[in-house]
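Just so it is clear, none of the values below were taken in a lab; they were calculated from the coordinates. All figures in this text were calculated on a predicted structure; none of them were measured in a lab. For neighbour counting, all protein chains shown are included, and Cβ atoms are generated from backbone atoms with ideal geometry for every residue, glycine included.
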Amino acid sequence: MARYRPPDSQWGGPRSGAGRPVQGIRTRNISITLPEDLLAKVDQVAQHTGEFRSTLIAHYLRKGLDQPEEETAPQSNT
């Protein structure tokens, strides 16, 4: 039979200094869908440079977003 334990403020919950320290820039996980041919190119470049996929994608996103919109805008489907 389980014993009842009254709530204790010293037990459980987040603690300061607990967990992994933040390394560099804070990141968030996302899910994206890419065409297979594009992902194959990303994998090829990532393997050649020794970078992770996410690092490579972030690099090219930053590079593309820093350029004027006219040069990087996707073609219209209409």
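Structural remarks
- Note on Ser54 and Ile30: the extension gain reaches 7.6 nm, defined as 0.36 nm multiplied by sequence separation minus the Cα-Cα distance.
- Protection-proxy order for peptides 24-33, 45-54, 59-68, each taking the mean of Cβ atoms within 10 Å per residue, highest first: 45-54, 59-68, 24-33
- Using the Karplus relation 6.51 cos²θ - 1.76 cosθ + 1.60 with θ = phi - 60°, the per-residue 3J(HN,Hα) values for the stretch 55-61 come to 5, 5, 5, 4, 4, 6, 5 Hz, with x marking Gly and Pro.
- Estimated FRET transfer efficiency when R0 is 22 angstrom, pair Ala40-Asp66 (beta carbons, to 0.05): 0.30
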